Amino acid sequence: MERRSIGAGALAVGAVGLGCMPMSWAYAPSRRHREESLATVHAALDLGANLLDTADLYGPFTNELLLGRVLRERRAEAFVSAKVGLRAGEQHVVADGRPGYVRRACDASLRRLRTDVIDVYQLHRVDPDVPVEETWGAMAELVGAGKVRALGLCALGAGAGPGAGRRGDRAYEVTLGHLERVQQVFPVSAVQAELSVWSREALRRLLPWCAARGVGFLAAMPLGSGFLTGTLRPGEGFEWEDVRARHPRFTAESMAANQALVAGLRRVARRHGPQVTAAQVALAWVLAQGPQVVPVPGADRAHWAAENAGAARLRLTAGDLAEIASLPAAVGAWD
């Protein structure tokens with residue numbers, strides 16, 4: 001299994017990680033099965049996909065408890081990525097970057113994860129009511145206390161304020177400002193942001209920022225929330241609790257229009273053999289964006305974790321990359 005470094009070469013993870021969120025949060029509740037989720041985590045570790053990405057928000061808390069059942073037996077094999085800074089309210093999610101909250105949340109995550117240390121602790125979202133330097137300073141104290149090994153910033157919604165989350169030439173501009181500020185407090189070892197064949201905005205400025213500083217890049221949603229696998233069909237619909245039920249790119253019309261992206265990935269896959277899938281091509285494309293890039297696809301079934309891990313062995317040619325670059329832009333507003 002190829003290995004890639006996260007931050008200054010001090011931390012290493014398998015080339016493809018495992019996003020654990022779908023096991024407990026955001027997607028179809030009917031698919032959440034504890035034993036199958038546990039089998040998925042074990043399968044990922046067996047295959048060397050040892051970065052396990054979670055957050056106290058997922059569930060909330062149940063995702064960390066789930067991983068804790070695996071980590072109590074296999075902690076030495078795992079690279080644990082956890083997050084702090086978002087709390088689930090009764091009707092919505094709120095940012096909380098108060099230093100006292102960060103310290104309490106870390107202790108609680110350590111208990112649920114059944115570990116003494118988190119490998120990379122990410123700020124899930126910047127709290128607009130707390131200077132980011134204060135939040136980051138509290139996180140840096142956790143490194144000094146031996147509870148956390150490295151710090152990261154999650155750029156999924158990290159920019160607060162009107163228009164901060166919009167894609168385009170100014171995508172991630174607020175996040176880049178936050179990164180420059182926190183770098184003055186304590187080094188950033190990882191940045192997590194969306195990157196996939198149908199969402200390439202991070203390539204413009206965010207990934208170059210990381211590459212220039214030796215900062216690892218965790219590519220979130222590298223399979224387009226499942227769309228790029230080719231397993232979702234237009235008009236099938238989603239359960240109401242599934243975030244895709246209200247997402248403009250997952251309307252029947254947008255999904256039908258975006259089938260051209262899946263078709264392109266399948267064409268590339270066929271050239272590499274009958275066992276290669278569109279999902280593996282999508283992940284291999286993400287891996288090809290730089291040596292510091294680690295895709296973190298979500299999975300809640302062991303066979304999907306195995307398929308995703310197999311993408312690390314796929315090498316796309318220059319012709320493959322050119323064909324993928326020529327695919328049409330995704331239809332459907334992202335905001």
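Brief remarks on what is shown
- Ordering of 15-25, 226-236 by packing [mean C-beta count within 10 Å, highest first]: 15-25, 226-236
- Beyond 14 Å, the tail of the calculated P(r) for the range 266-335 holds 62 percent of the Cα pairs.
- Among beta bridges that DSSP assigns inside the range 37-147, antiparallel share in %, nearest 5: 30
- Under a model in which nothing but the beta-carbon of Lys, Arg (+1) and Asp, Glu (-1) is charged, the range 181-284 shows a dipole of about 520 debye around its Cα centre.
- For Asp127, the residues whose amide H sits under 5 Å from its own are Gly97, ignoring neighbours fewer than 5 places away on the same chain, with H placed 1.01 Å from N.
- Sequence-ordered 3J(HN,Hα) estimates for the range 105-120 from the Karplus curve with 6.51, -1.76 and 1.60 and θ = phi - 60° stand at 5, 5, 4, 5, 5, 4, 5, 5, 7, 6, 9, 8, 8, 9, 5, 9 Hz, glycine and proline given as x.
- Per residue value of the accessible surface for the chain (all protein chains in place, 1.4 Å probe), Å²: 41
- Label point at Ser5 placed 7 Å out along Cα→Cβ; residues across the range 177-217 whose backbone nitrogen lies under 19 Å: 187-192, 207-217
- Using the Cβ of Ala299 as centre and a radius below 14 Å, the other residues enclosed give a net charge of -2, where K and R count +1 and D and E count -1.
- Signed unit charges on C-beta, dipole axis of the chain, positive-most listed residue Thr135, Met21, Pro297: Pro297
- Shape call, the chain: gyration tensor on alpha carbons, a/c limit 1.5: rounded
- The string of couplings for the range 299-309 from the Karplus curve (6.51, -1.76, 1.60, θ = phi - 60°) is 7, 10, 9, 4, 5, 6, 4, 5, 4, 5, 4 Hz, one whole number per residue in order, with x for Gly and Pro.
- Dipole of the chain, positive direction: furthest Cα of Gly144, Ala219, Phe250, with charges on the beta-carbon: Ala219
- 3J(HN,Hα) along the range 198-215, derived from phi through the Karplus expression 6.51 cos²θ - 1.76 cosθ + 1.60 where θ = phi - 60°, amounts to 9, 8, 10, 4, 5, 5, 6, 9, 5, 5, x, 4, 5, 4, 5, 10, x, 9 Hz, with x in place of Gly and Pro.
- Between amide H atoms placed 1.01 Å from N, distances below 5 Å from Leu51 occur with Gly14, Leu18, Phe79, all of them 5 or more places distant or on a separate chain.
- For the chain, the carbon plus sulfur part of the accessible surface works out to 52%, probe radius 1.4 Å.
- About the Cα centre, charge dipole magnitude for the range 237-335 (Lys/Arg +1, Asp/Glu -1 at Cβ), debye: 440
- Taken about its Cα centre, the chain carries a charge dipole of roughly 540 debye when the Cβ of each Lys and Arg holds +1 and the Cβ of each Asp and Glu holds -1.
The values are calculated or read from the model by the stated rules, or taken from the named source; none is laboratory data. These numbers were taken from a predicted model, which means no experiment stands behind them. As a convention, Cβ positions derive from the backbone with ideal geometry for all residues, glycine included, and neighbour counts pool all protein chains shown. Heavy atoms of the whole protein, side chains included, go into the accessibility calculation; ligands, DNA and RNA do not. Shrake-Rupley method; radii C 1.70, N 1.55, O 1.52, S 1.80 Å.
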